[in-house]
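S.K.: Below: one structure in structure tokens.
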Amino acid sequence: MVDQAQSLRELVWKSRNKARVIAITSGKGGVGKTSASVNLAIAMAARGGRVILLDADLGLANVEVLMGLSSLYNLEHVIEGERRMSDILVRAPGGIEIIPGSSGLAKMADLPAAARQNLLQGLEDLQRLADFIIIDTMAGIGRNAVAFAAAADEVILVATPEPSAIVDAYAMLKTVHACRENAVVRLLVNMVAGDAQARAVAGKLAGVSQQYLGRNLSYLGCLPRDPHVSQAVMQSRPFVLIYPNAPATKYLQVIAGRIVHEQSAAEPSKEGFLKRFAQSLGLAGNA
Ligand SMILES: Nc1ncnc2c1ncn2[C@@H]1O[C@H](COP(=O)(O)OP(=O)(O)O)[C@@H](O)[C@H]1O
Ligand SMILES: [Mg+2]
């Protein structure tokens, strides 16, 4: 049911004419960020709205690989000023579009001024085109990941029940809040045995977040450990598309619905993603 407050919120967002920017991040690699990013983007697009997935996680299993795509151009060409952002958008399965990443992102803060300006201009173009921009960031507290996470309107922090993933998730959370005190971070617990395990992980992280950072960490949801996820990865196809009845798909649909409809956490703010992004790179004034 669409209530009045919700439609009002949606109106406010639409009237900004700017995408909601959501960074998906984690402390540790291999927790399912890229898989969650791709499949969430598709499930969100199915609910209406233009979703652009920006690949800033430059590992081997990147967004393109997971979707069976291979493109000619990537962010490097935008940074170098050879292409505009809209030229390098790739149509991907499931009705989303992706921006292939480039290793240039890793040295973002050290780019020459003109290149940084190209990147920022490109991101601004994207914000006008899309309703949602999902950024699959690198794991860990590197400058690139933190810059995206601290600048985004909302952050989805992915962790698993593994102790090391929980500890690293906390480290990431702490760093994001250190960069931006009022960052809106929500937790997605992946590869769980069941809801109870997910709640236990969420409880633990929310507890330390409250105790040591004085910040709420709200719980977005969980995804079960499900062999369909890795089977889909092996086929370079998103699991929401090829396994619509898999447990992981059902949980993911719930989360996508929450993000699209129940979102209220991140009120539109005067200083948007780009300004914050430029600031976290120490480039204030360029955006
Ligand atoms: N819910 C899940 N159930 C089972 N396997 C999963 C799940 N989520 C991710 N995986 C597997 O974990 C591996 C790492 O996922 P990936 O999305 O590449 O992680 P990250 O981007 O965080 O490094 C992949 O092989 C993927 O198939
Ligand atoms: Mg990844």
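S.K.: With n ≥ 4 as the cut-off for DSSP H runs, can you work out [θ] at 222 nm for the chain, using -39500 (n - 2.57) per run divided by the number of residues, rounded to the nearest 500?
M.R.: Result for the chain: -13000 deg cm²/dmol, rounded to the nearest 500.
S.K.: Another one. Normalise the Debye intensity by I(0) for the chain, one equal point scatterer per Cα, no solvent, then take log10 at q = 0.12 Å⁻¹ and round to two decimals.
M.R.: Values returned for q = 0.12 Å⁻¹ are -0.70.
S.K.: At 1.4 Å probe size, with every protein chain present, just tell me what the per residue accessible area of the chain comes to in Å².
M.R.: The answer is 44 Å² per residue.
S.K.: Here is a follow-up. In segment 134-178, if every C-alpha pair distance is counted and binned at 5 Å from zero, what percent goes to each bin?
M.R.: Result returned by the calculation: 5, 24, 35, 23, 11, 2.
S.K.: Using Stokes-Einstein with the Kirkwood hydrodynamic radius over Cα pairs, what translational diffusion coefficient do you get for segment 26-114 at 25 °C and a viscosity of 0.890 mPa s, in µm²/s rounded to a whole number? Intermediate results must be reported in sequence, preceding the final value.
M.R.: Working: Rh = 13.8 Å.
So the translational diffusion coefficient is about 178 µm²/s.
S.K.: Let me know the number of lysine pairs in the chain closer than 26 Å at the Cα, not counting same-chain pairs under 8 apart.
M.R.: 20
S.K.: Which longest run of the chain has no exposed loop site in it, a site being GluC sites (Glu not before Pro) in a DSSP loop with at most 15 other beta carbons within 10 Å, and the site itself not part of the run?
M.R.: Counting only loop sites that pass the neighbour cut-off, the longest clear stretch is 83-180.
S.K.: Averaging the inverse of every distinct alpha carbon separation and then flipping it gives the Kirkwood radius. What is it for segment 131-251, in angstrom units?
M.R.: 15.2 Å
S.K.: Could you tell me the ratio Rg/Rh of segment 55-184? Both radii from Cα atoms, Rh via Kirkwood.
M.R.: Value, to two decimals: 0.97.
The values are calculated or read from the model by the stated rules, or taken from the named source; none is laboratory data. The shown structure was predicted, so the numbers you read here are calculated from the model rather than taken from an experiment. Every residue, glycine as well, gets a Cβ built from its backbone with ideal geometry; the counts of neighbours run over all protein chains shown. The area values use the complete protein model at the heavy-atom level, side chains included, leaving out ligands, DNA and RNA. Shrake-Rupley method; radii C 1.70, N 1.55, O 1.52, S 1.80 Å.
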